[in-house]
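Following: one structure in structure tokens, then a few remarks.
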Amino acid sequence: MRTILRFTFFTFLLLYSGIISAGKSGRQENLSSPDGKISVNFMLQEGVPNYSVSYDGTEMIQPSSLGFRFKEAPSLDKDFAVTGTRRSEYDESWSPVWG
């Protein structure tokens, strides 16, 4: 489960960094883990970024909106548009360091 959360967090960072404030769009992108079990779907609905997460074909997180709300600054939760996407692969093993 920890791997799913880590994958989801980094996926959100990648997806969020791929959009900038602009007009509205109905664009949709899907990201899957190498084994295809974890799938993250990103979409814009009337300029509001949304995502959902599935694991092994079962929806784990229903479509939910993304964004940031600040106390003393304008919110970053609407009026977005996808300006481009880029796909790449990265394969690396990681071993935890204990002690």
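In this structure, Ser88 does not qualify as open to solvent by less than 100 Å² (accessible area, probe 1.4 Å) and modelled with pLDDT under 85. For segment 41-64, the set of residues classified as at pLDDT below 90 and open to solvent by 80 Å² or more (accessible area, probe 1.4 Å) consists of Gln45, Glu46, listed by residue number. Among the residues of segment 44-79, the ones that are in contact with an Asp or Glu (Cβ under 9 Å, 6 or more places away or on another chain) and outside any strand (DSSP E or B) come to 5 in all.
Residue pairs whose Cβ atoms lie under 8 Å apart, separated by 6 or more positions or on different chains, with the first residue in segment 55-78 and within 12 Å of Ser39 (Cα to Cα) and the second at pLDDT below 90, are Tyr55/Ile4; Met60/Ile4; Ile61/Thr8. Return yes or no: is Gly18 surrounded by 11 or more Cβ atoms within 10 Å (Cβ to Cβ), among the small types (Gly, Ala, Ser), within 12 Å of the chain's Cα centre (by Cα) and at pLDDT below 85? When the stated conditions are applied, Gly18 passes them. Among the residues making up segment 41-82, those that are within 18 Å of Asn30 (Cβ to Cβ) and among the polar types (S, T, N, Q) are Asn41, Gln45, Asn50, Ser52, Ser54, Thr58, Gln62, Ser64, Ser65.
The values are calculated or read from the model by the stated rules, or taken from the named source; none is laboratory data. Bear in mind the structure is a predicted one, so any value in this text is a computation, not a measurement. Note: ideal-geometry Cβ built from the backbone for every residue, glycine included; neighbour counts use all protein chains shown. All accessible areas refer to the heavy atoms of the entire protein, side chains included, with ligands and DNA or RNA removed. Shrake-Rupley method; radii C 1.70, N 1.55, O 1.52, S 1.80 Å.
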